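Before any comments, here is the structure.
All of the numbers you see were taken from the coordinates with simple rules; none came from a lab. Treat the numbers as computed from the prediction; the structure is a model and nothing was measured. Using ideal geometry, Cβ is built from the backbone for each residue, glycine included, and neighbour counts are taken over all protein chains shown.
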Amino acid sequence: MQSVADCAAVPLLEQESINKLMGLAVFGEKVASKIYLLMADLKEEFAPLLTKFARMEAQHGGWFLDASRKNGIEPDKEFADNELGYLISQVDQHYADKNFEALAIVQGFIVESLAIATYESFLPIAHKYPGTHEVFQKALDEENYHVDWILRYLRLRFFDAHEEFQKLAEYANIQGIDCIGGTMMNIAEYLDKIGMSGADCAGAMMDGYTQLLEKVGFEQRRATKHVVNMFMPLFHKYRRGEKTK
Ligand SMILES: [Fe+2]
Ligand SMILES: [Fe+2]
């Protein structure tokens, strides 16, 4: 197994990048865990299951932390707090409004989608960090399981009420996508540094998100239009932002 001393030879920028990305993974899992606990608190009938999901998310964070330590990676908490703060304040607001569905949408469509897109993209380069492939693959399998549950819940809850669902998805997701999509733009250079593709990650997230909408009952064209409508202002904003730098 590669030792911490071996990792000291990794160029600084690559080291900084993996510290930031692992920070997002470790502390993002804490956010995921928190959201499931808040959801459990709002719907008693699902509390045992959602509390279990919260424990699974906390465990993912623990696995990533252990794997980081074994590879000389220091998850960057300050960076993660800064990127995730905006999302956490939205989550707190949905909880204060007792809006279980909005929390389910943010969790299923934003938090889980981001985890799935980044963990899938990480797997091909995981061999560079011994012990990470196994835990990211396990976490990925469990995130897919969580998404399946949320989709099933939303499909039943909004059966024959697609307009209502679309309004809620727009309400809950536009801000969420602004936050997470912005984070994806911000981390693109770090992804590149460790050999991941920012474009692949963003593409995987948009594609995954579209498929989620289809599974809840949107027709493909409508789902695509909905996703483009939500993501395009973000791309414009960041492209304009890049040009003015
Ligand atoms: Fe997780
Ligand atoms: Fe999950």
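Toward the positive end of the charge dipole of region 1-137, with +1 on the Cβ of Lys and Arg and -1 on the Cβ of Asp and Glu, the farthest Cα among Ala54, Gln90, Phe27 is that of Ala54.
Assuming 0.36 nm per residue, please report the length gained on full extension of the stretch Glu45 to Arg240 beyond their Cα-Cα distance.
Details: separation 195, 0.36 × 195 = 70.20 nm, distance 4.65 nm.
Fully extending the segment from Glu45 to Arg240 adds 65.5 nm.
Just name one of Asn71, Leu37, Phe122: the one whose Cα is farthest towards the positive end of the charge dipole of the chain (beta-carbon charges, Lys/Arg +1, Asp/Glu -1). So the residue we want is Phe122.
Ignoring lysines fewer than eight residues from Lys52 along the same chain, the ones with Cα atoms less than 26 angstrom from its Cα are Lys30, Lys34, Lys43, Lys77, Lys98, Lys138, Lys215.
A Förster radius of 30 Å combined with the Cβ-Cβ distance from Arg221 to Glu189 puts the calculated FRET efficiency at roughly 0.30. Counted over region 47-102 with a bin width of 5 Å, the fraction of Cα pairs per bin, in whole percents, is 4, 15, 13, 22, 22, 13, 7, 3, 1.
With K and R counted +1 and D and E -1, the other residues having a Cβ less than 14 Å from that of Phe27 yield a net charge of -3.
At R0 = 22 Å, how high is the FRET efficiency between Asp66 and Ile88 if r is their beta carbon distance? Nearest 0.05 is fine. Don't jump to the answer; show the numbers that get you there.
Values: r = 24 Å, r/R0 = 1.10.
Taking R0 as 22 Å, the efficiency between Asp66 and Ile88 is 0.35.
For region 4-244, the Cβ-based charge dipole about the Cα centre amounts to some 300 debye (Lys, Arg positive; Asp, Glu negative; other atoms uncharged).
Which FRET efficiency, nearest 0.05, do Arg157 and Glu134 yield, Cβ-Cβ r, R0 22 Å? Mind dumping the intermediate values first?
On the way: r = 35 Å, r/R0 = 1.60.
After rounding, the FRET efficiency stands at 0.05.
Diffusion coefficient (Stokes-Einstein, Kirkwood radius over C-alpha pairs, 4 °C, 1.567 mPa s) for the chain: 70 µm²/s, rounded to a whole number.
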